[in-house]
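Comments concern the structure below.
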């Protein structure tokens with residue numbers, strides 16, 4: 001969730017200038033010349049990575065960004081009678097059930113997924129087998145170690161700690177109703193405190209001066225006090241994989257860290273869009289996104305973890321990127337059944 005923001009916007013701008021409509025090609029004879037990959041705004045791969053698909057298949061990939069994860073799913077639902085493209089990337093486990101239940105996905109999971117990646121698949125029998133896992137990351141509270149050391153204040157450890165007086169006005173979060181990591185953090189609090197207790201917890205956060213920004217970028221780059229940021233709040237909702245991004249040139253240890261007792265595991269998926277005229281080519285692109293070539297590029301281009309067991313991580317990640325041993329979990333069915341009600345209740349507490 002770092003460098004990929006700007007690159008995705010550039011990609012979208014280039015496609016707009018080139019006149020790309022975002023619609024799948026109408027050519028149904030043989031392999032198409034190009035197919036459309038619809039993504040969230042944070043999608044980014046290193047220059048030339050998608051060219052590998054073209055070299056293998058002769059098919060060009062056009063990328064169209066369609067907003068955050070929630071907005072992406074909404075657009076797929078609204079356009080399912082005239083699909084935006086052929087393949088989608090960026091549906092996560094907080095919106096997967098809605099995408100499947102609305103019929104926007106074709107029946108395909110990559111044939112290359114093995115037993116080693118079964119943990120990332122959505123539950124068998126849930127009807128969510130139409131999505132192939134591509135990356136995952138733990139959404140956690142990040143802490144500015146240097147700030148706390150200089151202030152002489154002990155760092156918080158748990159979600160409950162964040163409501164203590166010593167952390168008043170130190171915490172910033174992205175909004176749950178406009179940000180996928182914001183929604184993931186809300187789900188962590190729901191899993192931690194239960195359906196009858198998370199509302200009181202959020203009221204305590206509000207009373208303790210939590211700042212709520214519209215999106216992750218504002219929370220992390222504007223209000224957080226980390227080295228790459230401009231703010232004065234040393235606690236922020238981000239990713240467990242964010243600290244490697246903060247390692248300074250010539251250093252090996254990150255000045256920030258993730259509080260691993262606060263995490264919600266977020267997995268992002270790719271799928272074939274229902275109604276594509278290029279099913280075979282779309283399935284090949286899903287397989288390609290799961291391939292080692294793409295998976296090895298994910299950590300430093302999108303700052304999340306690859307899911308392919310054969311992928312390798314950059315050396316700096318082994319020292320500074322952690323995975324929670326026991327992250328908070330909410331089932332896709334529960335999310336789908338309660339998302340709107342939870343967001344309505346959250347907004348009533350979080351909006352002054």
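The values are calculated or read from the model by the stated rules, or taken from the named source; none is laboratory data. Everything numeric here is computed off the predicted structure, so don't read it as measured data. Using ideal geometry, Cβ is built from the backbone for each residue, glycine included, and neighbour counts are taken over all protein chains shown.
Observations, loosely collected:
- Residue 335 being part of a helix (DSSP H, G or I), closer than 24 Å to residue 176 by Cα and touching a residue at least 12 places away in the same chain (Cβ under 8 Å): yes
- Taken over the range 295-319, residues that are in a helix (DSSP H, G or I) and out of contact with any strand residue (DSSP E or B) (no Cβ under 8 Å at 6 or more places or on another chain) amount to 8.
- Residue 286 vs. criteria touching a residue at least 60 places away in the same chain (Cβ under 8 Å) and touching a helix residue (DSSP H, G or I) at 6+ places or on another chain (Cβ under 6 Å): no
- Helices (runs of 4 or more DSSP H) wholly inside the range 48-144 that include at least 3 residues being within 22 Å of residue 239 (Cβ to Cβ): 69-78
- Residue match in the range 194-209 (condition: surrounded by fewer than 21 Cβ atoms within 10 Å (Cβ to Cβ) and under 28 Å from residue 43 (Cβ atoms)): no
- Restricting attention to the range 289-317, the residues that are without any contact (Cβ under 8 Å) to a residue 40 or more places away in the chain and on the phi > 0 side of the Ramachandran plot total 0.
- The criterion of being at pLDDT 95 or above, surrounded by 18 or more Cβ atoms within 10 Å (Cβ to Cβ) and in a helix (DSSP H, G or I) holds for residue 288.
- The residues on offer are 72, 50, and the sole one that is out of contact with any helix residue (DSSP H, G or I) (no Cβ under 7 Å at 6 or more places or on another chain) and within 24 Å of residue 292 (Cα to Cα) is 50.
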